[in-house]
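Trainee: Got a structure for you, written out below as C-alpha cells; questions coming shortly.
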Amino acid sequence: MISPEQITGLILAGGRAQRMGGIDKGLIPFLGKPLIESTITRLKSQVGQILINANRNITKYASYGYPVIMDETTDFSGPLAGFAAGLKVCKTPYLLTTPCDSPLLPTDLGIKLATEMTRGDFQLVYASTKETDGKVWAQPVFCLMRADLQASLETFLQKGDLKIDRWFKELDSSTVVFEDAQVFANVNTPEELKRLEEAFV
C-alpha cells in the first residue's frame, strides 16, 4: 500500500486564468479566504509534503510555507508544464496533482488513486467523474503518478504537444470514477465562483 508519506502533493496555480480576467485564481477569495487555502486544507492530510506550482505572485504563495516552483518556460504552457516542474523536484516515489481552484477537493482522492495504482501497478492513475446523465468524464489534472515519469514527460513536451490526454495514452494508466462530480468543480468564471460558494455553505 502507498502511504501519504510516499506522496508529494503538487498544487497547480500557474495558469493565466483568462476567463477570470487574468486574475491569479489561487488568490481569488472563496468564502473570505484565497481559493488555494481550501485546496491546501483538503490536500495536506493526504500527502507527506506539498509543492505549489506558480508563475506569478510567488511571495504570496510562498507565505503558506511550502516550496514554490515555476514552470521552466514563461509561456504558461498548461498543466503538463506544472507536472514537469513538480517531477523535477519531487523527492518521494509518487506525485499527486490538483488544481488550485477546486475547493471541494475530495479528502479521499489520494487513497483512492493509490489503491488503484497498487492494484494494477500503473504508472499513472487519474480521477474521472460520473455526471448526472451517466456519462463519465476524465478529470486529468487530478492524478497520481510515479515520480520516475520525468523523462517520459520531457520527451513528450519536446515534441511540442501540450495535450494532457495524449501523454496519458503513452503511459500504462488507469482511472478511478468518483460518483460526486461536484467535488471536482473548479472556478473559471465569476459566476462559477458564486455558485460554488452557494453550494459550499
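The values are calculated or read from the model by the stated rules, or taken from the named source; none is laboratory data. Please read these numbers as outputs of a predicted model, since none were measured by experiment. Note that each Cβ is placed from the backbone with ideal geometry, even for glycine, and that neighbours are counted across all protein chains shown.
Trainee: What pairs come up if the first residue lies in the range 169-186 and is more than 15 Å from M117 (Cα to Cα), the second is modelled with pLDDT under 95 and among the acidic types (D, E), and their beta carbons are under 9 Å apart, counting only those six or more places apart or on different chains?
Mentor: Listed by first residue and then by second, the contacts come to A181/E131; A185/E192; N186/D101; N186/E192.
Trainee: Same structure again: Within the range 88-103, identify whether any single residue is crowded, with 21+ Cβ neighbours inside 10 Å, among the hydroxyl-bearing types (S, T, Y), closer than 24 Å to L196 by Cα and in contact with a strand residue (DSSP E or B) (Cβ under 7 Å, 6 or more places away or on another chain), and answer yes or no.
Mentor: yes
Trainee: Can you tell me which of F122, F142 is touching a Ser or Thr at 6+ places or on another chain (Cβ under 6 Å), buried (at least 18 other Cβ atoms within 10 Å of the Cβ), in a loop (DSSP other than H, G, I, E, B) and of a type in the set (A, V, I, L, M, F, W, C)?
Mentor: Sole residue among the options that is touching a Ser or Thr at 6+ places or on another chain (Cβ under 6 Å), buried (at least 18 other Cβ atoms within 10 Å of the Cβ), in a loop (DSSP other than H, G, I, E, B) and of a type in the set (A, V, I, L, M, F, W, C): F122.
Trainee: Considering (1) among the aliphatic types (A, V, I, L, M); (2) under 27 Å from T73 (Cβ atoms); (3) modelled with pLDDT under 85, say which one L149 fails and leave the rest.
Mentor: (3)
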